[in-house]
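A.B. asks: Structure below; questions to follow.
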Amino acid sequence: MCGIGGILYSKDSGTALHDRIRQMEHAQIHRGPDDRQTVLHQNHAFCHQRLALLDEKGGKQPFYDPSGRYLIVYNGEIYNYEALRAELSNSYQFVSRSDTEVVLAAYLFWGEDCLNRFIGMFSFLIWDIHSQTAFAAVDPLSVKPFVYYQSGAEFIFASEVKGILACLNEKPKINIEALTEYVVAPMLSGVESTIYEGVFILRGGEKLNISKEKTVKCSYYNFTQRPGISTSEQLIRYLMENLEESTKMSLKADFPVGSFFSGGLDSSLLSSLAVKLRVPGHQAFTVRFQNHEQINFNENSIVNSDDFPYAQRLAGDLNLPMEAVTISKENILNGLSELPIINDRIPAWEQEFSQHFLSKAASKNFKAVLVGDAADETHYGYFFLLNPQVNHSPLGLLQKFGAEKRCRFLSEKIQKDIKPLDFLNQKYTQIVESNGFSFNGSEQDKILAMSCLIYKRWLGRLLHNGDIHSMNFGLEARVPFANLNVLEVEGYIGPAMGFKNGEEKHLLKMAAKNWLPDYIINRKKSALPRDPRLGTQYQVILKNLLQESGDFIEDYLNLKALTALCEQKTVEENDRMMLFNMICLLKRVQYDAKQ
């Protein structure tokens, strides 16, 4: 929906503070093409970049309560705002029809308990002008981002890392542990910390209480999956009801809402529901590559079938308008310079090309789209969860994606000091155990433990990527599978139902039978496509970058190991992913050095 940001308890004031908040605003201007505002209150400053999907005239921000004591900067959509507004109308005098005002009114009436009443995606900060304290929070899965940085008493927050970097007087140092995580486990990185020392991220279901003296972070919601006593028939019915209602909520806007449509189960289900709900102006967007028919998708570890024929067939059966966005090799190679600048937590997957070009195309006529994100991670959608060579520990997952080889790309000093595989295995094991799961136990215990790591880390990274690439074009990605009412059902699905008869997403497929044909339900699992033909081109690009990034490589990376990667005669899938990640890292470092 928007971009938010602010600088609290600053040593600066007046023109100096105004210049800094404007620099932050400029860095996030793509998030809000419809309006932007900055305000100062003594040595505190706030900014907002608005993508208006509701009450275009009345929802300007920062938004103040009637007394003028409280202001809010807010990013997101509260889908049940109308019901909350009706409930609050006797105690609060509304002056707009925006959900922004509902969030503020709910906080003033219920305090922090308001968070348990919101259904939607959100990130906000409320400032008390009198007490000079703040309250901030994100939705249960952090679909909408909140990043922050503290130096002394000064507290800086923004929607994107680049917003914070733009207003700092000095560039932060490199966070060695976060850099290690990105190099070795990019798919699990950028969820709670960044490669920039001191720049942190609120995780799903977290909130902050901020004063000049201290900042207190705690959790108000923690999504986990624990098998309940409900039967599969009951869960299928609950899932059907709540997913249909969630999709209906997600389609609410003053403008038409489109959808990203791969032809896979999740996006097909949402698009089918949108057609059933007869939403005016709805259109789907899918992606294909130049000379698409020449690609062998069966050789990939996650993308293992061609989506496009399924998308084309289902769109025809649903009578759903669909635009196929074609990505050329030139698009991808040029995009290699764009993606690391856009994604300031540094790209993790090649599928981000698809997100980038789909968002660019959809933003020409739409302000919001439905996406199927969070379905795989909350419905046992990854077949490697059943693989005993993978699910025995976090190390098993890391090794699946070439972790041992990736470690060698780090400097010998980092390898010696941090011991990356031990460090990350211990870190991820602690995350799993703190949520009550263990890799020591039955096969079901191991699946529950690995699934916990997937929805606590992999999903967080996935949702960030969806937000950063869509909002780069002023397009909002709406995630029906991440709404609170759907999460409450998903939390009771255990491995026995999720993987019945060895079939991933079994329960969701049973629910989908009410809306989708068998050729979608029974097809092989896939994901947003990537072009597997680019390995040799990646090698040339990385080799050139190695000659241009001297100091960073000398301090943090291993030139010999990276050079060897560039000179391999054969580039396997994991090698291509490594090349992509290291290109993105070095391109980002080069960009930062010029700022």
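A.B. asks: So which residues in the stretch 169-189 are in a loop (DSSP other than H, G, I, E, B), open to solvent by 10 Å² or more (accessible area, probe 1.4 Å) and touching a residue at least 12 places away in the same chain (Cβ under 8 Å)? Before the answer, list the steps.
C.D. replies: First, pick out the residues of the stretch 169-189 that are in a loop (DSSP other than H, G, I, E, B): 169-173, 175, 185, 189.
Among the residues that remain, those that are also open to solvent by 10 Å² or more (accessible area, probe 1.4 Å) are: 169-173, 175.
Scanning the stretch 169-189 gives LYS171, PRO172, LYS173, ASN175.
A.B. asks: Mind checking which residues of the stretch 108-130 are touching a residue at least 40 places away in the same chain (Cβ under 8 Å) and open to solvent by 10 Å² or more (accessible area, probe 1.4 Å)?
C.D. replies: Result: LEU108, GLU112, ASN116, ILE119, ASP128, ILE129, HIS130.
A.B. asks: Which pairs do you get when a residue that is open to solvent by less than 50 Å² (accessible area, probe 1.4 Å), found in the stretch 88-107, comes within reach of a residue that is basic (Lys, Arg) and assigned to a helix (DSSP H, G or I), reach meaning Cβ atoms under 6 angstrom, with the pair 6+ apart or on two chains?
C.D. replies: Listed by first residue and then by second, the contacts come to VAL102/ARG85.
A.B. asks: Follow-up question, since we're still on this one. Just give me the residues in the stretch 319-329 being surrounded by 13 or more Cβ atoms within 10 Å (Cβ to Cβ) and more than 13 Å from THR286 (Cβ to Cβ), in sequence order.
C.D. replies: Once the filter is applied, which keeps residues that are surrounded by 13 or more Cβ atoms within 10 Å (Cβ to Cβ) and more than 13 Å from THR286 (Cβ to Cβ), the stretch 319-329 yields SER328, LYS329.
A.B. asks: Let me ask another. Just name the residue that is nearest to HIS41 (Cα to Cα) out of those in the stretch 71-87 that are over 24 Å from the mean Cα position of the chain (by Cα) and crowded, with 19+ Cβ neighbours inside 10 Å.
C.D. replies: The qualifying residue nearest to HIS41 (Cα to Cα) is LEU71.
A.B. asks: Further, regarding this structure: Are any of the residues in the stretch 113-125 out of contact with any helix residue (DSSP H, G or I) (no Cβ under 6 Å at 6 or more places or on another chain), among the small types (Gly, Ala, Ser) and more than 16 Å from GLY3 (Cβ to Cβ)?
C.D. replies: Checking the stretch 113-125: at least one residue is out of contact with any helix residue (DSSP H, G or I) (no Cβ under 6 Å at 6 or more places or on another chain), among the small types (Gly, Ala, Ser) and more than 16 Å from GLY3 (Cβ to Cβ).
A.B. asks: Go through (1) in contact with a His (Cβ under 8 Å, 6 or more places away or on another chain); (2) free of Cβ contacts under 8 Å to residues at least 24 places away in the same chain one by one and return the number of the condition GLU352 breaks.
C.D. replies: GLU352 satisfies every listed condition except (2).
A.B. asks: Looking only at the stretch 361-370, decide whether some residue is closer than 22 Å to ASN440 by Cα and in a helix (DSSP H, G or I). Can you show your working first?
C.D. replies: So in the stretch 361-370, the residues closer than 22 Å to ASN440 by Cα come out as none.
No, because not a single residue in the stretch 361-370 is closer than 22 Å to ASN440 by Cα and in a helix (DSSP H, G or I).
A.B. asks: Let me ask another. For VAL371, are the conditions met, namely being of a type in the set (A, V, I, L, M, F, W, C) and touching a strand residue (DSSP E or B) at 6+ places or on another chain (Cβ under 6 Å)?
C.D. replies: Yes; evaluated as a whole, the condition is true for this residue.
A.B. asks: If you don't mind, another one. Go over the candidates ILE341, ILE332 one by one and state the one that is buried (at least 21 other Cβ atoms within 10 Å of the Cβ) and part of a helix (DSSP H, G or I). Steps first, please.
C.D. replies: On the way: ILE341 fails: buried (at least 21 other Cβ atoms within 10 Å of the Cβ).
Step by step, each of ILE341, ILE332 is checked, and only ILE332 is buried (at least 21 other Cβ atoms within 10 Å of the Cβ) and part of a helix (DSSP H, G or I).
A.B. asks: Could you tell me which residue of the stretch 117-164 is modelled with the lowest pLDDT, considering only residues that are assigned to a loop (DSSP other than H, G, I, E, B) and on the phi > 0 side of the Ramachandran plot?
C.D. replies: Filtering first and then ranking leaves GLY152.
A.B. asks: Out of (1) modelled with pLDDT under 95; (2) of a type in the set (D, E, K, R); (3) open to solvent by 30 Å² or more (accessible area, probe 1.4 Å), what's the single condition that is false for ARG31?
C.D. replies: (3)
A.B. asks: Can you tell me which condition GLU323 does not meet? The list is (1) modelled with pLDDT under 95; (2) touching a strand residue (DSSP E or B) at 6+ places or on another chain (Cβ under 9 Å); (3) not in a helix (DSSP H, G or I), and all the others hold.
C.D. replies: (1) is the only condition that GLU323 fails.
A.B. asks: OK, next. For GLU350, work out the one condition from (1) of a type in the set (D, E, K, R); (2) farther than 28 Å from ILE164 by Cα; (3) not in a strand (DSSP E or B) it doesn't fulfil.
C.D. replies: With (1) of a type in the set (D, E, K, R); (2) farther than 28 Å from ILE164 by Cα; (3) not in a strand (DSSP E or B) applied to GLU350, the lone miss is (2).
A.B. asks: Out of (1) modelled with pLDDT under 95; (2) of a type in the set (A, V, I, L, M, F, W, C); (3) under 18 Å from SER123 (Cα atoms), what's the single condition that is false for LEU71?
C.D. replies: All conditions are met except number (1).
A.B. asks: Right, another one. Tell me which residues, restricted to the stretch 420-460, are in contact with a Phe, Trp or Tyr (Cβ under 6 Å, 6 or more places away or on another chain) and open to solvent by 20 Å² or more (accessible area, probe 1.4 Å).
C.D. replies: LYS446
A.B. asks: Now for a different question. Mind listing just one residue for me: the one in the stretch 10-22 that is buried (at least 16 other Cβ atoms within 10 Å of the Cβ) and in contact (Cβ under 8 Å) with a residue 60 or more places away in the chain and, of those, farthest from the chain's Cα centre (by Cα)?
C.D. replies: In this case the residue turns out to be SER10.
A.B. asks: Oh, and also: Between GLU25, GLU87, which is in a helix (DSSP H, G or I) and touching a strand residue (DSSP E or B) at 6+ places or on another chain (Cβ under 6 Å)?
C.D. replies: Answer to the selection: GLU25.
A.B. asks: I need every pair where a residue in the stretch 442-457 that is over 14 Å from LEU395 (Cα atoms) has its Cβ under 6 Å from the Cβ of a residue that is of a type in the set (Phe, Trp, Tyr) and buried (at least 22 other Cβ atoms within 10 Å of the Cβ), sequence separation at least 6 or different chains.
C.D. replies: LEU448/PHE437; CYS452/PHE437
A.B. asks: Next question, about the same structure. Which condition from (1) more than 24 Å from SER267 (Cβ to Cβ); (2) touching a helix residue (DSSP H, G or I) at 6+ places or on another chain (Cβ under 8 Å); (3) not small (Gly, Ala, Ser) is the one that ASP555 breaks?
C.D. replies: Looking at each condition in turn, ASP555 falls short on (2).
A.B. asks: Also, quick follow-up: If a residue has to be open to solvent by less than 10 Å² (accessible area, probe 1.4 Å), assigned to a loop (DSSP other than H, G, I, E, B) and either over 24 Å from LEU273 (Cβ atoms) or of a type in the set (Phe, Trp, Tyr) (or both) to count, how many in the stretch 461-485 make the cut?
C.D. replies: Going through the stretch 461-485 one residue at a time, the tally reaches 1.
The values are calculated or read from the model by the stated rules, or taken from the named source; none is laboratory data. It should be emphasised that the depicted structure is a prediction, and the values quoted were computed from it without experimental measurement. Neighbour counts run over all protein chains shown; Cβ positions are idealised from the backbone, glycine included. Quick note on the areas: whole protein, heavy atoms, side chains included, nothing else; ligands and nucleic acids left out. Shrake-Rupley method; radii C 1.70, N 1.55, O 1.52, S 1.80 Å.
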